[in-house]
Amino acid sequence: MRKSNILIAPSILSADFTKLGEEIESVEKAGADWIHVDVMDGHFVPNITIGPVVVESLKKITKMPLDCHLMVSKPEDWIESFAQAGASVITVHAEATAHLDRLISQIKSSGCKVGVSVNPATSLSVLEEVLDAVDLVLVMSVNPGFGGQKFIEKSLEKIANLREMRGEHKFLIEVDGGVNEKNIGELRNVGADIFVAGSAVFENKDRKKAIEGLRNATL
Ligand code: DX5
Ligand code: ZN
């Protein structure tokens, strides 16, 4: 962790895919902490993006932890593939499985850190029984599927409630969707620890300015 105690995780969904290696190098040099990889299957969300083959290539060119956000139906079919490809964190959606407890154990056995995510319309109550077993909870602050969407304001209250629920548990709180310099300070104040930022980072040619701007806005 850095001095501000937060993590910035640029989402490569907003990167230029014709030069993905350079894009990742640019944010690594600019001080990014994690790389957020949005995996979409065209079933769980209305878009198709990245699979384990790409994660395997990314693993070779960066030291940053690969934060794999699985927006897929039947996530249980994909855990080992992403773990073997080099994922550091695997985050699954509570909505995508009937057996969240089993899926969490599966991710742990694969050697990856475990994240669980909830969509904007999903209550945090679905996580109550697993909060002792996860490394992070990812609060979606947009409806998943696309980068560059508008931040859903109600997410602030949800994050504040999640921090209350954390109590003695150790998990980190990650927020994903519409994070920018204007709202990141407030998101930090209500309890978020990890900030996914796609367009806020990759739409700024000066990556250092973008990442430092986000980080400084949390201080
Ligand atoms: C949305 C993805 C996000 C998205 C964030 O489905 O999970 O990670 O890429 O992009 P921005 O920061 O542009 O909202
Ligand atoms: Zn994401």
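The values are calculated or read from the model by the stated rules, or taken from the named source; none is laboratory data. All values derive from a computational prediction rather than experimental measurement. Cβ atoms come from the backbone with ideal geometry, glycine included; neighbour counts cover every protein chain shown. Surface areas here come from the heavy atoms of the whole protein model, side chains and all, with no ligands, DNA or RNA. Shrake-Rupley method; radii C 1.70, N 1.55, O 1.52, S 1.80 Å.
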**Message:** I need a count of the residues in segment 200-219 that are in contact with a helix residue (DSSP H, G or I) (Cβ under 7 Å, 6 or more places away or on another chain) and open to solvent by 10 Å² or more (accessible area, probe 1.4 Å).
**Reply:** 7
**Complete:** When Leu162 is run through (1) under 23 Å from Val37 (Cα atoms); (2) open to solvent by less than 50 Å² (accessible area, probe 1.4 Å); (3) not small (Gly, Ala, Ser), the failure sits at (1)
**Message:** When the residues of segment 18-53 are narrowed to those that are within 16 Å of ligand 2 (Cβ to nearest atom) and open to solvent by 50 Å² or more (accessible area, probe 1.4 Å), which ends up nearest to Glu203 (Cα to Cα)?
**Reply:** Ile48
**Item:** Verdict on Asp38 being in contact with a Phe, Trp or Tyr (Cβ under 6 Å, 6 or more places away or on another chain), touching a residue at least 12 places away in the same chain (Cβ under 8 Å) and assigned to a strand (DSSP E or B)
**Value:** no
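Of all the residues that make up segment 54-72, how many are of a type in the set (D, E, K, R), assigned to a helix (DSSP H, G or I) and open to solvent by less than 60 Å² (accessible area, probe 1.4 Å)?
Number satisfying all stated conditions: 0.
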**Fill in**
Only unsatisfied item for Glu128, checking (1) touching a helix residue (DSSP H, G or I) at 6+ places or on another chain (Cβ under 8 Å); (2) assigned to a loop (DSSP other than H, G, I, E, B); (3) without any contact (Cβ under 8 Å) to a residue 40 or more places away in the chain; (4) at negative phi, is (2)
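For Leu20, indicate whether it is assigned to a helix (DSSP H, G or I), more than 20 Å from Gly111 (Cβ to Cβ) and within 14 Å of ligand 1 (Cβ to nearest atom).
Considered against the rule, which asks whether it is assigned to a helix (DSSP H, G or I), more than 20 Å from Gly111 (Cβ to Cβ) and within 14 Å of ligand 1 (Cβ to nearest atom), Leu20 comes out as no.
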**Asked** Which of the residues spanning segment 23-35 are assigned to a helix (DSSP H, G or I) and of a type in the set (Gly, Ala, Ser)?
**Response** Ser26
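Quick grid of which residues meet (1) in contact with a Ser or Thr (Cβ under 9 Å, 6 or more places away or on another chain); (2) of a type in the set (Lys, Arg); (3) more than 16 Å from ligand 2 (Cβ to nearest atom):
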{"residue": "Val89", "(1), (2), (3)": "no, no, no"}
{"residue": "Ala98", "(1), (2), (3)": "no, no, yes"}
{"residue": "Leu103", "(1), (2), (3)": "yes, no, yes"}
{"residue": "Gly111", "(1), (2), (3)": "no, no, yes"}
{"residue": "Val118", "(1), (2), (3)": "no, no, no"}
{"residue": "Ala121", "(1), (2), (3)": "no, no, yes"}
{"residue": "Leu124", "(1), (2), (3)": "no, no, yes"}
{"residue": "Ala133", "(1), (2), (3)": "yes, no, yes"}
{"residue": "Gly148", "(1), (2), (3)": "yes, no, no"}
**Message:** Here is a list: Val196, Val179. Which entry is part of a strand (DSSP E or B), modelled with pLDDT of 95 or more and among the hydrophobic types (A, V, I, L, M, F, W, C)?
**Reply:** Val196
**Item:** Pick from segment 180-199, criterion closer than 17 Å to Leu138 by Cβ and open to solvent by 10 Å² or more (accessible area, probe 1.4 Å), ranking: nearest to ligand 1 (Cβ to nearest atom)
**Value:** Gly198
**Asked** Which number in (1) more than 20 Å from Asn47 (Cβ to Cβ); (2) in a loop (DSSP other than H, G, I, E, B); (3) open to solvent by less than 10 Å² (accessible area, probe 1.4 Å) marks the one condition that Gly145 misses?
**Response** (1)
**Asked** Can Ile61 be described as over 28 Å from Asp132 (Cβ atoms) and more than 15 Å from ligand 1 (Cβ to nearest atom)?
**Response** yes
**Prompt:** Pick from Glu80, Glu95: which is assigned to a helix (DSSP H, G or I), within 16 Å of ligand 1 (Cβ to nearest atom) and open to solvent by 50 Å² or more (accessible area, probe 1.4 Å)?
**Reply:** Glu95
